[in-house]
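Have a look at the structure below before the remarks.
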Amino acid sequence: MPAVRRPIQGSRGFYPRVRAKKTYPRIKSWGISNEAKPLGFAGFKAGMTHATVIDSNSNSKTKGQSIVRAVTILDCPPLSVFGFNVYSKTPYGFKTTGTVLSDKLDKNLSRKFGAKKIKTEEQMKKIDGNNVSYIRLLVHTKPGFKKTPEVFELGVGGSSEKQLEYAKGMLGKELKASEILKAGDYVDVFANSKGKGFQGPVKRFGIRILGRKFQQMHRHVGALGTTEPGKIRSTVPAAGQLGWQSRMDYNKKVLQILDGKKVVMSGGFLRYGNLSGEAVVIDGSVVGTTKRLVKLRFAIRGPTSRYPADLKSLSLTSKQGV
């Protein structure tokens, strides 16, 4: 009987597989836009359900028909803009050359920045407009699941002059998802995957469990490699961290943005409850577990052919036990 062969399981595309430093990942690059507006948003994963949509893809066999799609619901409360960072180009790359904070900070931000008295006008004077390369908004979520709000940056489109003018006008104000996103947009999703702790190579890479006579060790790799070069290669399946790693999904379609108070799941979303902000309906699944912060960025390499989103109905039946 011939030997049964199969390809190596487990992707080597994300190495090293290490634990995420924060509960939410960092977005290092943003898209390009001529309009001075935020280039992304953030929300909390509430759960999944299914929706009936009209297939608008002209190349699809089900064009114009009603199809059922799995969708993810993101709870997107307003984000508060409490400052912005100024980046300038130097011989060593882009560096932060100034930070402007609002003099009316939220009380919950004292856990992050302390109770120092902030003078916004003095910080504005220190900014040299000629050296501004780009601006990043400083925003924070409103405390809900945790006492300490999440603080992160949002990219802004337009020229550096338009970015600076927009950032000054947004100090102390709030951003809503419906003001930035619309149905039919494609976004890149950033989040941390579900953590599963330290696992062995069988669960981590799906290697074969050895027989009973293999040196009394069954759930390990049979051979670690050749004698030369005298070290274990990175391609050898080994035990280590599984999950709780920063991941990104390209080109997720926004099907609809609804009022969170109208999206009431019977019995509430499992392990989440009811929504407190606007509901952003994403086509397909989103990495991570419930109550986890998910960052959205306008797709930097979106599809060339885009089709309108036509959401017909959204299932609000309970998913308890599914």
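Read-outs throughout are calculated quantities, based only on the coordinates presented, and are distinct from any laboratory measurement. Keep in mind the model is a prediction, meaning the values are calculated, not measured. Positions of Cβ are backbone-derived with ideal geometry, glycine not excepted, and every protein chain shown enters the neighbour counts.
Normalised by the number of residues in region 163-322, the average gap of Cα pairs under 8 Å and 6 or more apart makes the relative contact order 33 percent. Its DSSP H runs of at least 4 residues, each contributing -39,500 (n - 2.57), put the calculated 222 nm mean residue ellipticity of the chain at -2000 deg cm²/dmol, to the nearest 500.
Can you work out the base-10 log of I(q)/I(0) for the chain at q = 0.08, 0.10, 0.14, 0.15 1/Å, using the Debye formula on its C-alpha atoms alone? Here log10 of I(q) over I(0) equals -0.50, -0.74, -1.16, -1.25. Between the C-alpha center of region 227-266 and that of region 288-303 there is a gap of 11 Å. Using alpha-carbon pairs under 8 Å, 6+ residues apart, how would you state the relative contact order of the chain in percent? About 29 percent, as a whole number.
The tail of the calculated P(r) for region 170-322, taken as Cα-Cα distances beyond 18 Å, holds 72 percent of the pairs. If the limit is 21 Å between Cα atoms, which of K95/K295; K107/K146; K22/K162; K146/K203; K142/K176; K37/K261 go over it? Too far apart for the 21 Å limit: K95/K295; K22/K162; K146/K203; K37/K261.
Between 0 and 90 degrees, rounded to the nearest ten: what's the tilt of helix 160-169 against the longest Cα principal axis of the chain? Taking Cα atoms only, the helix is inclined about 70 degrees.
Assuming charge only on the beta carbon of Lys and Arg (+1) and of Asp and Glu (-1), the dipole of region 79-175 about its Cα centre is about 420 debye to the nearest 20.
Find how much the distance from L210 to I232 grows on full extension, using 0.36 nm per residue of separation minus their present alpha carbon separation; answer in nm with one decimal. Gain on stretching L210 to I232: 5.9 nm. Normalised by the number of residues in region 65-210, the mean separation of alpha-carbon contacts (under 8 Å, six or more apart) gives a relative contact order of 28 percent. About its Cα centre, the dipole of the chain is roughly 1620 debye, where the only charges are +1 on Lys and Arg Cβ and -1 on Asp and Glu Cβ.
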